[in-house]
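Encoded as structure tokens, the structure appears first; notes follow it.
The values are calculated or read from the model by the stated rules, or taken from the named source; none is laboratory data. Everything numeric here is computed off the predicted structure, so don't read it as measured data. Here Cβ is always computed from backbone atoms with ideal geometry, including for glycine, and neighbour counts include all displayed protein chains.
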Amino acid sequence: MAANKEMRSVYTETLIELAEKNNNIVVLEADLMKSQGTVKFMEKFPERTFNIGVAEANMVGIAAGLSALGKIPFAATFGCFAGRRVYDQFFISANYAKLNVKLVGSDPGVAAAYNGGTHMPFEDLGIMRNIPKCTVLEACDQVSLRKLMIKSAEHYGSVYMRLHRKPVEPVYPENEEFELGKGKVLKDGSDITIIANGAIMVHEALAAEALLQKEGIRAAIIDMHTIKPIDKDLIIRYAKKTKALITCENHQVVNGLGSAVAEVLSENIPTLMARLGINDEFGEVGTQEFLQKRFGLTGIAIAEKATELLKRKI
């Protein structure tokens with residue numbers, strides 16, 4: 001897979017791949033087909049494409065209806081709308097009804113860039129992981145996106161998935177396999193564990209590992225692509241091994257990845273821990289690079305926090 005391929009292109013190609021094998025795959029959009037890249041799906045499967053317009057809650061209600069008829073709907077919109085505007089419909093019509101809706105929120109966190117604070121979802125993962133039995137995930141590269149989409153389509157039950165639309169550097173080889181609810185160890189280490197998710201923070205965690213290595217610090221890096229159900233066994237294993245953990249997320253530190261990991265640790269193996277992410281703030285306008293520095297979502301910031309945490313390690 002081309003390293004510079006946009007994630008939204010992989011999203012559409014995977015939908016087409018799934019639809020060619022399964023007649024029940026359908027796509028719903030809220031008037032963002034060009035932005036999401038799903039025009040090619042519509043051209044190939046016009047009878048299985050539904051552009052609902054700027055009516056996101058209605059889109060989720062229709063997706064639930066299609067699921068009740070045996071379809072497997074992938075319904076997509078910007079993450080700010082998927083996380084906040086349609087929450088009640090997704091909660092009741094899809095999840096409470098025990099249906100099979102795959103809701104996709106694009107441009108997560110600072111990836112919303114110039115769309116600014118109103119369109120910058122820092123809370124969507126936290127909102128969604130409150131829903132009983134709902135699977136919540138975020139891929140970090142093209143390979144993980146494709147494989148996790150396939151797993152999501154095979155899994156019966158509603159899923160919320162964050163989608164980074166832009167190109168990212170590859171993390172995984174083409175033949176890498178994934179399982180919902182099972183994190184991936186990208187780097188082993190014995191001094192500290194860095195747990196990250198998503199197309200921005202996994203790459204920044206890997207950059208932090210390289211910086212720490214120069215200081216003689218051996219950091220383990222885990223891609224926790226699924227935050228619900230979260231991989232408790234992996235968290236506990238590395239808590240025992242390194243006795244210090246940092247979580248890194250393009251999201252509020254409240255109720256996101258950091259909270260999910262903290263819950264596992266506090267109930268099973270209390271461990272020295274720090275959370276890196278958005279600290280009780282709204283988003284703002286800027287380039288992604290500027291916003292990452294503004295909110296401390298960088299490899300340098302992760303490495304600094306790791307160094308600080310290690311000073312407290314006994």
Please name all residue pairs, on different chains or six or more residues apart, with Cβ atoms under 6 Å, provided the first residue is in the range 98-124 and is in contact (Cβ under 8 Å) with a residue 12 or more places away in the chain and the second residue is among the basic types (K, R). G105/R162; S106/R165; P108/R162
When the range 163-197 is checked residue by residue, the ones that are in contact (Cβ under 8 Å) with a residue 60 or more places away in the chain and over 17 Å from A260 (Cα atoms) are L163, H164, R165, K166, P167, V168, E169, P170, E174, D191, I192
Restricting attention to the range 210-266, report how many residues are assigned to a helix (DSSP H, G or I), of a type outside the set (F, W, Y) and out of contact with any Asp or Glu (no Cβ under 7 Å at 6 or more places or on another chain). 22
For N175, indicate whether it is farther than 23 Å from S9 by Cα and either polar (S, T, N, Q) or surrounded by 23 or more Cβ atoms within 10 Å (Cβ to Cβ) (or both). no
Out of the residues in the range 267-300 meeting the condition of being outside any helix (DSSP H, G or I) and among the aliphatic types (A, V, I, L, M), tell me which one is surrounded by the most Cβ atoms within 10 Å (Cβ to Cβ). L276
Conditions (1) in contact with a Lys or Arg (Cβ under 8 Å, 6 or more places away or on another chain); (2) more than 20 Å from L276 (Cβ to Cβ) -> P108 fails only (2)
Residue hits (the range 67-98; surrounded by fewer than 21 Cβ atoms within 10 Å (Cβ to Cβ) and either farther than 22 Å from P121 by Cβ or outside the structural domain of P132 (by TED's automatic domain parsing) (or both)) are A68, L69, G70, K71, Y96, A97, K98
Does the range 6-19 contain any residue that is closer than 18 Å to F81 by Cβ and within 19 Å of the chain's Cα centre (by Cα)? yes
Which of (1) touching a Lys or Arg at 6+ places or on another chain (Cβ under 6 Å); (2) crowded, with 21+ Cβ neighbours inside 10 Å is the odd one out, the single condition D191 does not satisfy? (2)
(1) surrounded by 21 or more Cβ atoms within 10 Å (Cβ to Cβ); (2) on the phi > 0 side of the Ramachandran plot all hold for K243 apart from (1)
Go through the range 153-172 and report how many residues are surrounded by fewer than 23 Cβ atoms within 10 Å (Cβ to Cβ) and under 22 Å from K71 (Cβ atoms). 5
Can you pull out every residue in the range 105-128 that is surrounded by fewer than 22 Cβ atoms within 10 Å (Cβ to Cβ) and not in a helix (DSSP H, G or I)? G116, E123
Criterion first (assigned to a helix (DSSP H, G or I), within 23 Å of L180 (Cα to Cα) and outside the structural domain of G198 (by TED's automatic domain parsing)) does V60 satisfy it? yes
